[in-house]
Amino acid sequence: MKFAILINEGPYQHQATDTAFLFCKAALAKGHEIRRVFFYHDGVNNSSSLTEPPQDDRNIVQRWSKLAEEHKLDLVVCVAAALRRGIKDENLAPGFRISGLGQLVEAGIEADRLVTFGD
Amino acid sequence: MLHIVNKSPLERNALDSCLSAAQGGALLLTEDAVYAATRGNAAAGKITAAMAGMKVYVLGPDLDARGMTDRLLEGVTSVDYGGFVDLVAEYPTNQSWL
Amino acid sequence: MSEGTIKKFMFVNRKAPYGTIYALESLEVVLISAAFDQDVSLVFMDDGVFQLKKGQQTKGIENKNFSPTYRALDGYDIEKLYVDQESLAARGLTEDDLLVDVTVMSRAEMGKLMETMDVVLSF
């Protein structure tokens with residue numbers, strides 16, 4: 001089955017992105033396809049390469065980049081939401097790309113299920 | 001459909017709104033919403049009542065993280081992230097009550 | 001691939017405007033969705049009904065007043081706006097307080113409508 005994921009909250013502040021990540025991992029382990037992960041609202045902050053958590057904490061940004069590399073995931077960051085919050089190509093972590101909101105609607109059309117994670 | 005709630009019932013009204021709109025199906029409690037399905041919580045009665053019309057699940061890892069696993073209400077099914085995925089696949093539509 | 005596919009999209013708005021950005025950014029998705037020729041419904045319940053309150057004046061808080069955009073939605077062929085009766089009543093509002101034509105329905109009717117959707121997005 002094809003899933004699309006919408007993430008509306010940033011890393012560390014809210015558990016939403018953790019839950020979304022663990023959901024994606026479990027879905028992939030079951031042989032499902034993640035059609036696209038779309039980052040919106042403060043969720044765009046999940047893509048900042050400037051993020052530096054303490055050594056003993058999970059690295060949420062790198063974790064997404066790694067999952068994207070391993071499974072060829074399409075991690076899309078909303079351009080309007082990103083620019084509002086200071087996310088640009090120059091501080092975009094590997095595996096993410098910045099694009100328009102149409103990518104979210106398209107993912108909703110193409111996927112069998114869309115699941116929203118937020119606050 | 002599958003209803004997903006992630007808010008503590010004592011802090012926000014997401015659970016109340018969800019339960020008053022839901023027409024059967026399933027309810028999955030995640031993150032801070034898992035407190036709703038624990039014995040002694042003021043919202044526990046609502047969950048018990050809801051079970052008459054819908055299946056109720058909690059995300060087990062969230063319950064574990066909060067030290068509430070041994071207080072899970074009878075009749076509520078604990079699932080892991082794989083179970084979460086299965087629920088989303090099982091129901092054609094889902095809604096997160098943010 | 002998405003060409004020709006028409007799905008029923010529902011945008012559920014349960015948050016008040018200005019206090020957080022959710023209402024504004026939700027509206028931005030709704031406007032984009034119009035370009036995809038989908039079957040779009042908007043639901044306003046809980047504090048989301050405040051998004052449609054007449055007379056919003058945002059100059060004093062130096063925020064953009066985006067409420068006129070709701071009136072422009074029919075120009076994008078987005079005409080299905082549903083408001084939860086119970087939420088209005090709990091906030092001292094009636095349909096006359098709203099800045100756009102909507103269909104007011106009960107909580108149970110709202111729940112039934114949700115069941116008929118393909119994609120539900122909540123903000």
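The values are calculated or read from the model by the stated rules, or taken from the named source; none is laboratory data. All figures in this text were calculated on a predicted structure; none of them were measured in a lab. Glycine gets a Cβ as well: all are built from the backbone with ideal geometry, and neighbour counts include every protein chain shown. For accessibility, only protein heavy atoms count, side chains too; no ligands or nucleic acids. Shrake-Rupley method; radii C 1.70, N 1.55, O 1.52, S 1.80 Å.
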- Give me the net charge of A:PHE96's neighbourhood, meaning all other residues with Cβ under 14 Å from the Cβ of A:PHE96; Lys, Arg count +1, Asp, Glu -1. +3
- Message: How many angstrom lie between the Cα centre of segment C:31-47 and the Cα centre of segment A:56-119?
- Response: 22 Å
- Message: Per residue, how large is the accessible surface of segment B:1-68? Use a 1.4 angstrom probe and give square angstrom.
- Response: 34 Å²
- Task: May I ask you to evaluate 6.51 cos²θ - 1.76 cosθ + 1.60, the Karplus curve with θ = phi - 60°, for each residue of segment A:105-119 and list the ³J(HN,Hα) values in order in whole Hz, giving x for glycine and proline?
- Result: 5, 4, 4, x, 6, 7, 7, 6, 9, 10, 10, 9, 10, x, 10
- Message: Using protein chains only and a probe of 1.4 angstrom, how many square angstrom of A:ILE7 are accessible, to the nearest 10?
- Response: 0 Å²
- Can you give the accessible area per residue of segment A:2-117, in Å², using a 1.4 Å probe? 40 Å²
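Where in segment C:19-123 are there GluC sites (Glu not before Pro) that are in a DSSP coil and have at most 10 other Cβ atoms within 10 angstrom of their Cβ? Each step should come with its number before you reach the end.
Details: sites: C:GLU25, C:GLU28, C:GLU62, C:GLU79, C:GLU86, C:GLU95, C:GLU109, C:GLU115; in loops: C:GLU62, C:GLU79.
Here the GluC sites (Glu not before Pro) that fit, given the DSSP loop and packing criteria, are C:GLU62.
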- Under a point spin-label approximation (7 Å from Cα along Cα-to-Cβ), what is the C:ASP39-A:ALA80 distance to one decimal in nm? 2.6 nm
- Using only protein heavy atoms and a 1.4 angstrom probe, determine the accessible area buried between C and B, summed over both sides, in Å² to the nearest 100. 1300 Å²
- Message: Interface size between chain A and chain B, please: total buried accessible area, 1.4 Å probe, rounded to the nearest 100 Å².
- Response: 1600 Å²
- Item | Of C:ASP46, C:ASP96, C:ASP84, the one that fluctuates the most in a GNM where chain C has Cα springs shorter than 10 Å | C:ASP96
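Would you mind computing the Rg to Rh ratio of segment B:2-97 from its alpha-carbon coordinates, Kirkwood style for Rh?
Working: Rg = 11.8 Å, Rh = 12.9 Å.
Rounded to two decimals, Rg over Rh is 0.92.
Please identify the GluC sites (Glu not before Pro) of segment B:18-98 that satisfy two criteria: DSSP loop assignment and at most 12 other Cβ atoms within 10 Å. Which are they? Display every interim value, and only then the final one.
Details: sites: B:GLU31, B:GLU74, B:GLU90; in loops: B:GLU74.
In loop regions of segment B:18-98 (DSSP not H, G, I, E or B), the sparsely surrounded GluC sites (Glu not before Pro) are B:GLU74.
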- Task: Return the single residue from A:GLU106, A:GLU90, A:GLU69 with maximal mean-square fluctuation; model: Gaussian network over chain A, springs between Cα atoms under 10 Å.
- Result: A:GLU90
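Local charge sum around C:SER87 (other residues, Cβ-Cβ under 11 Å, Lys/Arg +1, Asp/Glu -1)?
Numbers: positive: C:ARG14, C:ARG91, C:ARG107; negative: C:ASP46, C:ASP47, C:ASP84, C:GLU86.
Summing Lys/Arg as +1 and Asp/Glu as -1 gives -1.
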- Task: Sort A:ARG84, A:ARG113, B:ARG66 from largest to smallest accessible area, using a 1.4 Å probe on the heavy atoms of the protein chains.
- Result: A:ARG84, B:ARG66, A:ARG113
- Message: Calculate log10 I(q)/I(0) of segment A:2-117 for q = 0.24 Å⁻¹, where I(q) comes from the Debye formula with a single equal point scatterer on each Cα and nothing for solvent.
- Response: -1.54
- Item | Estimated vicinal HN-Hα couplings, Hz - segment B:88-98 in sequence order (Karplus 6.51, -1.76, 1.60; Gly, Pro = x) | 4, 5, 5, 9, x, 10, 9, 9, 8, 7, 6
- Quick one: compute the contact order of chain A, relative version, from alpha carbon pairs under 8 angstrom and 6+ residues apart, as a percent. 38 percent
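May I ask you to list the trypsin sites (Lys or Arg not before Pro) in segment C:3-69 that are in a DSSP loop and have at most 11 other Cβ atoms within 10 Å of their Cβ? Show your work: numbers first, answer last.
Values: sites: C:LYS7, C:LYS8, C:ARG14, C:LYS15, C:LYS53, C:LYS54, C:LYS59, C:LYS64; in loops: C:LYS7, C:ARG14, C:LYS15, C:LYS54, C:LYS64.
When the trypsin sites (Lys or Arg not before Pro) of segment C:3-69 are filtered for loop state and at most 11 Cβ neighbours within 10 Å, C:LYS54, C:LYS64 remain.
If each DSSP helix of 4+ residues adds -39,500 (n - 2.57) and the sum is divided by the residues in the protein assembly as shown, what number results at 222 nm, nearest 500 deg cm²/dmol? Write out the running numbers ahead of the final one.
Working: 12 runs with 105 residues, N = 340.
Dividing the helical sum by the residues of the protein assembly as shown leaves -8500 deg cm²/dmol.
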- Of the candidates A:HIS32, A:ASN46, A:ILE60, the farthest towards the positive dipole end of segment A:27-66 (Lys/Arg Cβ +1, Asp/Glu Cβ -1, centred on the Cα centre) is A:HIS32
- Task: Give, in whole angstrom and from largest to smallest, the semi-axes √(5λ) of the equivalent ellipsoid of the protein assembly as shown, with λ running over the eigenvalues of the Cα gyration tensor.
- Result: 28, 27, 19
- Query: What are the extents of the Cα atoms of segment C:8-122 along their three principal axes, listed from largest to smallest and rounded to whole Å?
  - Reply: 41, 33, 23
- Item | Label-point separation, B:GLN23 to C:ALA89 (7 Å along Cα→Cβ), nm | 2.0 nm
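Over segment C:1-120, give the accessible area per residue in Å² for a 1.4 Å probe, as an integer.
Details: 5760 Å² over 120 residues.
Per-residue value: 48 Å².
I'd like the carbon and sulfur percentage of the solvent accessible area for chain A, probe radius 1.4 Å, heavy atoms only, ligands and nucleic acids excluded. Each step should come with its number before you reach the end.
Working: 2160 of 4760 Å².
Within chain A, the accessible surface is 45 percent carbon and sulfur.
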